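Student: Dropping the structure in here first, questions after.
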Amino acid sequence: MRGLTISQLAKESQVTVETIKFYEKKGLLAKPPRTESGYRMVPESTAADMAFIKRAQEMGFTLQEIRHLLTLVRQEDYYPTEEMHAFAARKVEELERQIRRMQSFKELLEQIARRPYAAPPLPKQECPLLARLLKE
């Protein structure tokens, strides 16, 4: 049986063995067969899947979205235009919501950072950050 052991894949992918097992459990990677001696041997193509997963995570995709994209990559010989258009539109809306939240958070932190560092302490309920967190 040819391939990589799970520890070799982990080293090559710069993740832990536990991460690979987690991805298997979540359906992102197939559970590999075991050798007669009990080693789990993954196909070398799994390293490409791991690289895909890591790039997708860096771009902000959820594990569920990555699983869906991997399914398309593995099973489809064509570009599912309508499906990808809808997927992209949903992702754009989600990113716009996240950007608005992050901008609001940035503005709040800037408000706090403008306050002189040596100012006398305020009661904690007057801290803009704590007040926002407590009301939401």
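The values are calculated or read from the model by the stated rules, or taken from the named source; none is laboratory data. Given the structure is predicted, the values throughout are model-derived calculations rather than measurements. Surface areas here come from the heavy atoms of the whole protein model, side chains and all, with no ligands, DNA or RNA. Shrake-Rupley method; radii C 1.70, N 1.55, O 1.52, S 1.80 Å.
Student: Would you kindly give the portion of the calculated P(r) for the chain that falls above 21 Å, as a percent of all Cα pairs?
Tutor: 61 percent
Student: Got the relative contact order for the chain handy, in percent, Cα pairs under 8 Å and 6 or more residues apart?
Tutor: Across the chain, relative contact order equals 17 percent.
Student: Excluding same-chain residues fewer than 8 positions from Lys31, which aspartates and glutamates have a Cα within less than 15 Å of its Cα?
Tutor: Candidates past the 8-residue exclusion: Glu18, Glu44, Asp49.
Student: Same structure, new question: Got a number for carbon plus sulfur as a percent of the chain's accessible area, 1.4 Å probe?
Tutor: Solvent-exposed carbon and sulfur of the chain make up 56 percent of the total.
Student: Using the C-alpha atoms of the stretch 81-134, what convex hull volume per residue, in cubic angstrom, is computed?
Tutor: Spelled out: Cα convex hull of the stretch 81-134, divided by residues, is 63 Å³.
Student: Right, here's the next one. Ignoring ligands, DNA and RNA, what accessible area per residue does the stretch 81-134 give at 1.4 Å, in Å²?
Tutor: Per-residue accessible area for the stretch 81-134 comes out at 88 Å².
Student: OK, next. Which residue, Gly27, Gly60, Gly38, tops the fluctuation ranking in a GNM of the chain built on C-alpha contacts under 10 Å?
Tutor: Gly38
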